[in-house]
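Taking it in order: structure first as structure tokens, then the write-up.
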Amino acid sequence: MENLKVALVYNQVEQSVLAAEKLKKLLVASGNVIDQENPDIVISIGGDGTLLSAFHLYIHRLDHVRFLGVHTGHLGFYTDWRDYELEELVETLCNNQEENVSYPLLDVVIRYRDGRADKHFFALNESTIKSLHRTMVADVYIKEELFERFRGDGVSIATPTGSTAYNKSIGGAVLHPSIEAIQLTEIASLNNRVFRTVGSPLVISKEDWLEIRLPQGGEHIVTVDQFSVQQADIASVYYRVAPDKIRFASYRHMDFWHRVREAFIGDLK
Ligand code: NAD
């Protein structure tokens, strides 16, 4: 039996608060410690959004932490346990019966025109760039080469696990999370005889990187999962598969395609 330092992150839905209280008692009774500062395991209770928040709260401990998601609503993509399975969850966690899995993240670097220090983020789902007031114009570079000039509402760059989130809503492909890649998807591109982009989503390997260069003078919003940075003077945003991954503990191996079907299609009979 392993004694673990566990942090709990939960939303304010009554069911989540009750599950968190019960889980705390079960964890302590089985010899584990609740440690919100330096945990080995972070358990989120709520939905995918709660897991995203937990990821960003403990991003500075990515190398040390394993995550686990309990869902109190409908089945999520990052949440595998139900709130009525907490005893089993604690037992599994303590005995480390299941394999850990890890998934690719998106490395995001915002560069400024005025020489300010770059801003660095990791996204678990995606990062988007949109123009605040006007049609967004951007040069898309793959490695050092100009690939296309984009005009439209914006672009989204998603991780494989984020491919079922916003990326899917804007026509991106659903990517199996074992593929170490990122996906660039256009948001309402202008495509006519003057303005041309390739139009289809691009899946970029971990050997390549993307740079979205923005023209001078515009104000842009860059989102990273549920957060946004709104700023003038952004020169470019650089994206690649991050060197670090997110690790999940006691992840239930529901087949990915089964999960996609459950979430988006449901029963076929
Ligand atoms: P939220 O927590 O309310 O999440 C919005 C919905 O996205 C929820 O139903 C959630 O279960 C689902 N979701 C989140 N991650 C997912 C994933 N990896 N695969 C499938 N579904 C997923 O909203 P929030 O906290 O503001 O934003 C979190 C995420 O919500 C963003 O990263 C974005 O991907 C997603 N989102 C999607 C849309 C859209 O599809 N039009 C719009 C806004 C936000």
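Yes/no matrix, rows are residues, columns are (1) open to solvent by less than 70 Å² (accessible area, probe 1.4 Å); (2) under 20 Å from TYR58 (Cα atoms); (3) without any contact (Cβ under 8 Å) to a residue 40 or more places away in the chain:
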position	(1), (2), (3)
VAL109	yes, yes, no
HIS120	no, yes, yes
SER131	yes, no, no
VAL137	yes, no, no
VAL140	yes, no, no
LYS143	no, no, no
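Just give me the residues in segment 1-14 being surrounded by 15 or more Cβ atoms within 10 Å (Cβ to Cβ) and not in a loop (DSSP other than H, G, I, E, B), in sequence order.
LYS5, VAL6, ALA7, LEU8, VAL9, TYR10
List, please: which pairs have Cβ atoms under 6 Å, are six or more places apart or on different chains, and start with a residue in segment 159-179 that is free of Cβ contacts under 8 Å to residues at least 12 places away in the same chain and end with one that is loosely packed, with under 15 Cβ neighbours inside 10 Å?
none
I'm checking my understanding of the structure. Among residues of segment 66-79 that are within 24 Å of GLY31 (Cα to Cα) and under 16 Å from the mean Cα position of the chain (by Cα), which one is nearest to the ligand (Cβ to nearest atom)?
By that ranking, first place goes to GLY69.
Is it true that some residue in segment 22-29 is open to solvent by less than 40 Å² (accessible area, probe 1.4 Å) and free of Cβ contacts under 8 Å to residues at least 40 places away in the same chain?
For segment 22-29, residues open to solvent by less than 40 Å² (accessible area, probe 1.4 Å) and free of Cβ contacts under 8 Å to residues at least 40 places away in the same chain: absent.
Taking the options ILE221, ILE234, name whichever one is touching a strand residue (DSSP E or B) at 6+ places or on another chain (Cβ under 8 Å) and either aromatic (Phe, Trp, Tyr) or crowded, with 17+ Cβ neighbours inside 10 Å (or both).
ILE234
All but one of (1) in a loop (DSSP other than H, G, I, E, B); (2) within 16 Å of the ligand (Cβ to nearest atom); (3) assigned by TED's automatic domain parsing to the domain that holds VAL229 hold for LYS130, so report the exception by its number.
(1)
Keeping to segment 23-51, report how many residues are within 16 Å of the ligand (Cβ to nearest atom), aliphatic (A, V, I, L, M) and not in a helix (DSSP H, G or I).
Residues that pass the stated criteria total 1.
Among GLU148, GLU126, which is under 18 Å from VAL222 (Cβ atoms), modelled with pLDDT of 95 or more and not basic (Lys, Arg)?
GLU126
Within segment 78-127, track down each residue that is among the β-branched types (Val, Ile, Thr) and assigned to a strand (DSSP E or B).
Passing the criteria: VAL101, VAL108, VAL109, ILE110.
The values are calculated or read from the model by the stated rules, or taken from the named source; none is laboratory data. All values derive from a computational prediction rather than experimental measurement. Heads up, the Cβs are rebuilt from the backbone with ideal geometry, glycines too, and the neighbour counts pull from every protein chain shown. SASA here: full protein model, heavy atoms, side chains in, ligands and nucleic acids out. Shrake-Rupley method; radii C 1.70, N 1.55, O 1.52, S 1.80 Å.
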